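**Q** First the structure, which I've put down as structure tokens, then a few questions once you've had a look.
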Amino acid sequence: MAKKSSQKGALFTPIQGLVAGFVLIILIGSFLLKLPIASSSGTSIRFIDAMFTATSAVTTTGLIVVDTGRDYSLFGQIIILILFQIGGLGYMAIITSVVLLGRRRISLNTRELLGESVVRPRTVDVLFFVKNIIIFTFIVELLGGLALSWYWRSYFDPTKSFYEGFFHSVSAFCTAGFSLFSDSMTAYRGSTVFNLIIFALCITGGIGFFVLYDVYSFFAKTITRKRPRQLSAHTKLALSVSVLLMLAGTLLIFISETKDQSVGLFQRLLNAAFQSVSSSTTTGFNTVDVGRMSQTSLLTIIILMFIGGSPGATAGGIKTTTFGLTILSLFAVLTGRDDVNIFRGRVPHKTLIKAFSIVLVTALCLLAATLVLTVTENAAFLDVFFEAASALGTVGLSMGITPQLSTSGKIVIAITMLIGRIGPLAIGFSLIGKPKIATFQYPETEILVG
């Protein structure tokens, strides 16, 4: 009874509260980045640019209209770092950790809001899961920061290498794509060690917290010989689709990029792998000039950005499992099967309908954003389409038109980034409000399709 009364008395649904929280953090970040102290020149950055940067950081996208390393002061860079750390973890997870550190009880409304912001199976306690997310995140970011600091020790002084290392470690794990270098990671594309460090951070951040937890539990039980020990169907599907997409993306980009004959075979393969991993995990770092890539490579990257990472990760996109279920559903239709079966289990029809809804709504959002940008911007269609896909997938890759966006274009991209981070369906739910449960059912009717 207490739960029902709390829901009736609430002004917002949990999803509406989640959207409102993201908007509030973006506004706070915008005003902080607008301060003269946030600019390297001591002159206030335009509010539209500050708002764009704050939105890009909170949504862990990485699209920039102002150079992060050159135009922002140390204060401004730290604000951006905090924003994409909040965006990567989810602000509700951070609020909960602060409350727990203060040894205070979590209210019912806060628990409901946390449940909406943290993707996990309903059988896993949300507070237990959040604690593990916080601990794991800081361990990975610490290890990544130390590894990158060690790598950059021969490039910068100790203080700078330490700062660069931890900034880019957090950015990579949160799949934020923000870099303090104007050319992103192109200066280090020849380093296998550097590429492997970034690969590890991006994949770990993009695969999903539950997948990581499930894999950890599997190996822990294997070592201690506890049973039952097996990976969930979700983990198997997420890992399978992720690996296939990264390999396919690497192969297609490798085959397509043959323009520069001065680059060796291994370097071409490394560049292709980096862009495939960066796109599929929606990190947004690049080691080559994206604007000069072939159309085949650009289309491949757009597809990878649209699909994105796995549920419960810091990555964007429709998610690997959504894509996997859509393909399996199509296969079931073509083979005349009524059910979609995977790993000796049957997928509920409700889940399949949700997967198709996510694909459809995301595609419509992409088309809508592209359509508006073709009106507001004076740029080639592929440039505009790529920019919209990057924003909706919260990736951050660009063919170079971001700094030249009009004020209207910046607003459109900012809204698209927010939709991509929260999820098109969640945005729709927040606009509709509290769902009304149907108390009756109409008789079936025949509709011809196809």
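**Q** Provide the packing ranking of 219-225, 325-331, 141-147, i.e. peptides ordered by the mean count of other C-beta atoms within 10 Å per residue, highest first. Don't skip to the end; give the middle numbers.
**A** Values: 219-225: 10.0, 325-331: 16.4, 141-147: 18.7.
Highest mean packing first, the order is 141-147, 325-331, 219-225.
**Q** With label points built 7 Å along Cα→Cβ from the Cα atoms of Gln441 and Tyr216, find their separation and express it in nm.
**A** Distance between the two pseudo-spin positions: 4.2 nm.
**Q** Any chance you could run the full-extension gain for Lys236 through Arg153? It's 0.36 nm times the residue separation minus the Cα-Cα distance, nm to one decimal.
**A** Between Lys236 and Arg153, full extension yields 26.0 nm more.
**Q** OK, next. Of the listed peptides 386-398, 406-418, what is their order by residue-averaged count of other C-beta atoms within 10 Å, with the highest listed first?
**A** Final packing ranking: 386-398, 406-418.
**Q** In addition: Given H placed 1.01 Å from N in the peptide plane, which residues other than close sequence neighbours of Tyr72 have an amide H under 5 Å from its amide H?
**A** Answer set, sorted by chain and number: Ser40.
**Q** I need the peptides 58-64, 296-302 ranked by packing, meaning the mean over residues of other C-beta atoms within 10 angstrom, with the highest value on top.
**A** Top to bottom by mean Cβ count within 10 Å: 58-64, 296-302.
**Q** What is the gain in length, in nm to one decimal, between Ile342 and Leu364 on full extension, counting 0.36 nm per residue of separation less the C-alpha to C-alpha distance?
**A** 5.1 nm
**Q** Sticking with this one: Which of the pairs Lys34/Lys160; Lys131/Lys221; Lys221/Lys350 have their Cα atoms more than 30 Å apart in this structure?
**A** Among Lys34/Lys160; Lys131/Lys221; Lys221/Lys350, the Cα-Cα distance tops 30 Å for Lys221/Lys350.
**Q** Can you grab the distance from the C-alpha centre of region 212-227 to the C-alpha centre of region 312-335, Å, no decimals?
**A** Here the answer is 26 Å between Cα centres.
**Q** In addition: Label point 7 Å out from Ala20 along Cα-to-Cβ: which residues of region 53-74 have amide N under 16 Å?
**A** none
Where a number appears in this text, it was derived from the coordinates with a stated rule and is not lab data. Because the structure is predicted, anything quoted here is derived from the model rather than measured. Don't worry about glycine lacking a Cβ; one is built from the backbone with ideal geometry, like all the others, and counts go over all protein chains shown.
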